[in-house]
Amino acid sequence: MAIPTLTEEQIRTWSREQKDQWWLANVFRGDMAQLTFRSALTGFLLGGVLSATNLYVGAKTGWTLGVGLTSVILSFAIYRFFAQLGAKDMTILENNCTQSIATAAGYMTGPLISGMAAYMWVQNELMPWWQILLFNVVLSILGVLVAFPMKRRFINDEQQPFPEGRACGVVLDTLYTSQAAVGVFKAKVLAFAALFAGSISFFSGESYQKLIQEKWLGFKENFHLPHYLDEWYYNLAAKGYLSTPRLAGVDLRELALRPTLDLTMFGAGALMGIKSASSMMIGMLINFAIIVPIMISYGEIKPRSGSIEAGTAVFGRAHILNTWALWWGIVIMVVASLTALFAKPQVFIEAFKGLTGKKDNSKDVLGHIELPLWISFVGIPIVGAIGVWMAHDWFGVSWVFGATAIPMIIILTLIAASSTALTGTTPTGSLSKIPQFTYGALDPKHPPTNLMTGVMCVEVASNASNLLMDIKPGYMLGAKPRQQAWGHCIGVIAGALASTPLFYILFLDGYKPGDNIQNKMVTDQFAFPSAVQWKGVSDLVTSIFGDGGQGSLLTTSIIWSMIIAAVVGLIFEVTRIASRGKFPLSPLAIGLGVVVPPDSTLAMFAGAAFFWLMHKLYHARKESVGHKIWIESHEPICAGLIAGAALIGIGDILVKVFLLK
């Protein structure tokens, strides 16, 4: 069934009151079940699981993946199965409510893998779990309060597209009409991909195999699939059959140039696409295969221990990154992201349109089902004040800086929501630099000021923008706005309860006071590239504006690398924008290739290249099985690979923490 929509002329010429009357008469499904106990429970549980996968993937790549379509397909499949057993099937609005709750939960991991982690690294202090949970929840609730007044403008009046939200609405409409078989097939594909990836992850999980083979079966040692695909080569090299490959006299393993069996990153790369994955690959090779060996040869990057002459030099990816390579990678990302943001003046025009001008005196036709505006007008100052108090009392942020962050939050949320409405992308990475540089310059001696005001601004802007994205399919399908608000709050609680304890278990198990938290959290498996970027910007701001200017942090070669990276990032991004995306390189992805571990970049490139090849082979063959699997089911396959490998990978760590100790 086609979803009712207004024409372009109606959107342009009708008043909001007329649009609301039309929606109430033609779209609204007043009596249909929406926020029921089962939809809330399903969203709560799915959200907890998907927030766990987002935490796992985010710690590897710095991303938080959208989980809306995944939750739609999963909840549809679950309740279609129950319906075959005699249970009542889920309504389309219950499913939409489930995806809204699950999506809200999935996005709760953002601060954990970025600003909050960076804060702990800078201070080398462990944040209590309850502070993380409460601060995250308060900021997310503030995002809900900020979003709903904007909903009336962006969605009701301007009918903005919100591309990913619209895609969810279309998929839901397809699932609950005559094409439901399409949804069943995609659910099966997702389940098979998850089972395949989970099986590989299980047999390569050292803790699983140690538990089964040594603890349960009594073997003296265990066998598991190797994490590194080149392990066989180095085993032969250790026996003298082959030579160990080196660059600038350094073992390639010290440069982290190794392929891995990582289906999580394979799936993530396939979702990313060949263009961005290729740019990441180029950034990784330029850094680790060209620039770093040259800097090692010139003595700009020194080994942690040993010597190159004796063949015993120990470097490691984290050491290389933190002592030299990080800076040019961060600069090219910052310049590219800010150039992209400020190159879209329409985003700023749209953001502030409606803040001035005549008051809208039209009748509030939907007042009986919308979230009342007074809740936002009363709630924003109260919840905002609580957030400012937390920032001051827990993190030492000045009352003045905390209070001025609130109006900045509103401004940045307007910008973020406008970008999300037009493009489907929320520029949180770009926007975080604005409060970091602003408050870092004002208070350079206290890094928590720029970090935690940045977290406040970005978390609220991100949550509000993603909520508007979730509201869009509900609006398309006739859902009750108030129940969507309650659903989002349920998702916030679900994500916080699931991700906060898991964060400590996965990344801080065995931590003792006095340990270096960054060294504890950053491993070969988890690079925390987003947190590395946040900390890098904080260190850079402190170095520039603090006592003594640039201090000892930035050597001459680092400064030159940053200048060159800034120029290249600016030229590439301007060229990309001028060519309307036809320019083949993404400077943002090139910088990401510097901070993401090379093995993850290789796996992501492999995933992107595989699906690019499948697209070339089957895109034009509409009726083939290959088209149905690799083209139409692209997203479900990737979601299954990510979820299956990530969840079993999390389980392997939990086995190590709780059963092998």
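Odds and ends about this structure:
- Sequence-distant aspartates and glutamates (8 or more away, or on other chains) whose Cα lies within less than 15 Å of LYS582: GLU573
- Charge dipole magnitude, Cβ of K and R +1, D and E -1 - region 564-661, Cα centre, debye nearest 20: 180
- Region 549-661: radius of gyration and largest Cα-Cα distance (Dmax), Å: 21.0, 64
- When the charge dipole of the chain is built from unit charges on Cβ atoms (+1 for Lys and Arg, -1 for Asp and Glu) and taken about the Cα centre, the candidate among GLY311, SER432, PRO259 whose Cα reaches farthest toward its positive end is PRO259.
- Region 136-226 shape via C-alpha gyration tensor axes, a/c threshold 1.5: oblate
- The distance separating the Cα centre of region 21-36 from that of region 624-661 comes to 36 Å.
- Look at LYS582, LYS628 and count the other Cβ atoms within 10 Å of each Cβ; fewest to most, that gives LYS582, LYS628.
- Rough spin-label spacing in nm, given labels placed 7 Å along Cα→Cβ, for THR244 and ILE3: 5.7
- Projecting the Cα atoms of SER561, PRO584, VAL657 onto the dipole axis of region 547-661, where Lys and Arg carry +1 and Asp and Glu carry -1 at the beta carbon, places PRO584 farthest toward the positive end.
- Cα gyration tensor shape of region 1-120, rounded if a/c is under 1.5, else prolate or oblate by comparing a/b with b/c: oblate
- Taking the charge dipole of the chain about its Cα centre, with +1 at Lys and Arg Cβ atoms and -1 at Asp and Glu Cβ atoms, the residue from VAL625, PHE192, LEU506 reaching farthest to the positive side is VAL625.
- In straight-distance terms, cross-link reach from LYS188 covers every one of the aspartates and glutamates whose alpha-carbon lies under 17 Å from its own, apart from those fewer than eight places away in the same chain; here that gives GLU632, GLU635.
- Student exercise, the chain dipole from Lys, Arg, Asp, Glu Cβ charges, in Debye to nearest 20: 740
- Shape category assigned to region 175-251 from the gyration tensor of Cα positions, a/c cut at 1.5: oblate
- Panel order for GLU300, GLU94, by other beta carbons found within 10 Å of each beta carbon, from fewest to most: GLU300, GLU94.
- Mean Cβ count within 10 Å, highest first, over the residues of peptides 144-150, 521-527: 144-150, 521-527
- With 5 Å bins from 0: P(r) over region 371-504, alpha-carbon pairs, percent: 2, 10, 16, 19, 21, 17, 10, 4, 1, 0, 0
- Relative packing of peptides 433-440, 593-600, 273-280 - highest average C-beta neighbours within 10 Å first: 593-600, 433-440, 273-280
- Ranked for footprinting exposure by Cβ neighbours inside 10 Å, fewest first, ASP20, ASP230 give ASP230, ASP20.
- Estimated dipole of region 9-117 in Debye, rounded to 20 [Cβ of Lys and Arg +1, of Asp and Glu -1, Cα centre]: 180
- Helical mean residue ellipticity (222 nm; -39500 (n - 2.57) per DSSP H run of 4+; nearest 500) of the chain: -21500 deg cm²/dmol
- Each listed q (0.06 Å⁻¹) maps to a log10 I(q)/I(0) for the chain, found by the Debye formula over equal Cα scatterers with no solvent: -0.34.
Every number in this text was worked out from the coordinates using simple rules, so none of it is lab data. The structure displayed is predicted, hence computed values, not measured ones. Every residue, glycine among them, receives a Cβ derived from its backbone with ideal geometry; neighbour counts consider all protein chains shown.
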